[in-house]
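Each reported figure results from applying straightforward, stated rules to the coordinates on display, with no laboratory input. Source: prediction; values computed, not measured. Note that we place each Cβ from the backbone using ideal geometry, even for glycine, and neighbour counts take in every protein chain shown.
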């Protein structure tokens, strides 16, 4: 689950992996860190997920 947020405009987290072994979980973490480090602007992680789309992120894993 990634990308949940609270506050005035709350949002539910999105399912990235339902069940994963250790190597798949580490790959997912690498993909998420890569998304953050390669973003040109300083956006919150949820915004980066919305820009790329959860399905595109799943394909990279």
Note: probe point = Cα of residue 61 + 7 Å toward Cβ; backbone nitrogen < 18 Å; residues of the range 34-53 passing the test are 34-37, 45-53
FRET efficiency for residue 19 and residue 52 from the Cβ-Cβ distance with R0 = 22 Å, rounded to 0.05, comes out at 0.45
Relative contact order as a percentage, the chain, C-alpha pairs under 8 Å and 6+ apart, gives 33
Answer check: the chain, Cα atoms, Kirkwood Rh, Rg/Rh ratio of 0.97
